[in-house]
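Before any comments, here is the structure.
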Amino acid sequence: MPIQSLLDFRDPDVCKRMVIKIGSALLVDNSGRVEVEWLRTIVNEIWTAREMGMDVVVVSSGSIAIGAKQLDFEQGGRRTLAEAQASASVGQIELASVWRQLLAERGLVAAQMLLTLDDFENRRRYLNISATLRRLLRSGVVPVVNENDTIATGEIRFGDNDRLAARVAQACEADGVILLTDVDGLYDKHPDEPDAERLDEVDGVTQEIHDMADGGSSSGLGSGGMTAKLLAAEIAERAGIALAILNGKPENPIARAMAAQAGTLFLPQRDETGRRGWIGGRMRFAGSIKVDDGCVQALRNGKSVLAAGIINAEGDFDRGDIIPVYDIAGNLVAKGLVEYDVSDVEAIMGKQSNEQEAILGHAPRSAVMHRDHLVLM
Ligand code: GLU
């Protein structure tokens with residue numbers, strides 16, 4: 001049974017493993033110091049969860065904010081990429097040391113994992129992340145994960161730890177993700193507006209839900225805001241993982257939010273684990289294809305992508321790449337493994353199977369994207 005309510009996060013029979021993500025605005029004060037006393041209450045909550053028999057993985061932001069103060073950089077260290085990277089290297093060593101010390105006070109062993117978007121996009125490296133996380137958890141260790149901001153650049157960055165947390169949850173097959181932030185959850189309009197209302201539960205992230213996300217982070221310290229949290233929720237919901245956005249500002253925030261039932265819970269929608277889950281969570285692509293309405297309908301009925309239904313191919317993808325499939329209006333329909341490189345797709349698109357052999361010079365594959373290697377979005 002997947003998590004169905006906030007209280008399920010405290011039931012070790014339902015939530016055996018959870019990821020807790022802590023944003024920069026909570027962890028670091030305005031003078032760049034770690035909020036140690038507050039963090040001690042979080043560590044206490046982690047310890048309680050461990051005592052109840054749950055595994056906990058932490059995703060901790062804060063390195064850039066801490067390092068920027070030490071280096072006297074403006075704009076929280078985010079003025080230039082080089083300054084962000086330098087800030088992250090200075091800040092991360094302190095961040096890790098605080099975690100190690102506070103977890104040790106409760107008899108817990110900390111492990112540091114610094115990961116990049118590419119580590120999750122590459123199947124072998126993803127499996128490595130997964131194996132390391134599992135091994136650490138089996139030994140009762142608390143992994144503390146952050147993006148490797150010193151080397152992650154531009155378009156190969158997550159940039160926000162929300163999606164990183166969702167990908168980590170997928171990699172370790174967690175039951176739930178808690179995003180601790182500086183607001184109570186998702187509001188239907190900017191939370192500062194007097195009639196803004198918090199959503200208790202979201203049963204599937206829709207366009208309407210995305211439209212509510214302009215509220216964002218009030219602090220300016222982190223980089224995620226609500227948009228990134230919804231993208232994280234989408235990754236989680238497809239992987240059968242519940243995700244909760246809770247206000248982390250008070251002490252013992254998780255216990256408080258659970259007791260008050262205050263927060264927004266995103267319910268799991270599907271259960272795509274393993275390789276299919278990994279395909280669905282992929283974020284960076286070498287290209288894409290566009291298909292006609294008939295093909296979209298066929299996909300929704302569990303069929304493969306045939307060349308006849310393709311109307312456009314873009315980018316520079318190779319056979320074996322995972323690429324997205326868009327409909328005519330540009331909506332994302334699926335992601336899947338493509339059986340041809342882009343030039344072959346361009347040559348055979350719109351053609352029936354019996355016409356393809358003459359074009360390709362060899363017998364065509366059964367599909368351009370086989371349904372076994374494809375995930376609907
Ligand atoms: N990885 C960044 C840091 O440690 C934080 C990213 C975010 O704000 O979510 O500072």
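The values are calculated or read from the model by the stated rules, or taken from the named source; none is laboratory data. What you see is a predicted model; the values in this text were computed from it and never measured. Note: ideal-geometry Cβ built from the backbone for every residue, glycine included; neighbour counts use all protein chains shown.
Things worth noting here:
- Of all residues in the range 331-377, exactly one satisfies the criterion of being crowded, with 18+ Cβ neighbours inside 10 Å, assigned to a loop (DSSP other than H, G, I, E, B) and within 24 Å of the chain's Cα centre (by Cα), namely Val338.
- Scanning the range 114-151 for residues that are basic (Lys, Arg), without any contact (Cβ under 8 Å) to a residue 40 or more places away in the chain and more than 20 Å from Ala104 (Cα to Cα) turns up Arg124, Arg125, Arg134.
- Odd one out for Gly159 among (1) in a strand (DSSP E or B); (2) at pLDDT below 95; (3) of a type outside the set (A, V, I, L, M, F, W, C): (1)
- Meets criteria (of a type in the set (A, V, I, L, M, F, W, C), within 16 Å of the ligand (Cβ to nearest atom) and either buried (at least 17 other Cβ atoms within 10 Å of the Cβ) or modelled with pLDDT under 95 (or both)) for Leu27: yes
- Residues in the range 101-128 that are within 16 Å of the ligand (Cβ to nearest atom) and assigned to a helix (DSSP H, G or I) were compared, and the one that is surrounded by the fewest Cβ atoms within 10 Å (Cβ to Cβ) is Asp118.
- Qualifying residue in the range 74-84 (condition: buried (at least 24 other Cβ atoms within 10 Å of the Cβ) and at negative phi): yes
- Screening the range 159-206 for residues that are in contact (Cβ under 8 Å) with a residue 12 or more places away in the chain and among the polar types (S, T, N, Q) and picking the one that is nearest to the ligand (Cβ to nearest atom) gives Asn161.
- Considered as a group, the residues in the range 58-83 that are near the ligand (Cβ under 9 Å from one of its atoms) and of a type in the set (Val, Ile, Thr) include one that is farthest from Gly225 (Cα to Cα), and that residue is Ile66.
- Taking the numbered list (1) more than 13 Å from the ligand (Cβ to nearest atom); (2) modelled with pLDDT under 95; (3) not in a helix (DSSP H, G or I) in turn, Gly32 passes all entries but (1).
- Which numbered condition Gly302 fails, given (1) assigned to a loop (DSSP other than H, G, I, E, B); (2) over 21 Å from Gly281 (Cα atoms): (2)
- Positions within the range 138-158 being away from the ligand (no atom under 15 Å from the Cβ), surrounded by fewer than 19 Cβ atoms within 10 Å (Cβ to Cβ) and at negative phi, in sequence order: Arg138, Ser139, Val141, Glu155
- When the range 239-295 is limited to residues that are modelled with pLDDT of 90 or more and charged (D, E, K, R), the one that is surrounded by the most Cβ atoms within 10 Å (Cβ to Cβ) turns out to be Lys290.
- In the set (1) under 23 Å from Arg167 (Cβ atoms); (2) in contact with a strand residue (DSSP E or B) (Cβ under 6 Å, 6 or more places away or on another chain), Gln92 fails one condition alone, (2).
- Qualifying residue in the range 179-190 (condition: of a type in the set (Gly, Ala, Ser) and under 18 Å from Val19 (Cα atoms)): yes
- With respect to being under 30 Å from Asp182 (Cα atoms), in contact (Cβ under 8 Å) with a residue 40 or more places away in the chain and not hydroxyl-bearing (Ser, Thr, Tyr), Leu243 fits the description.
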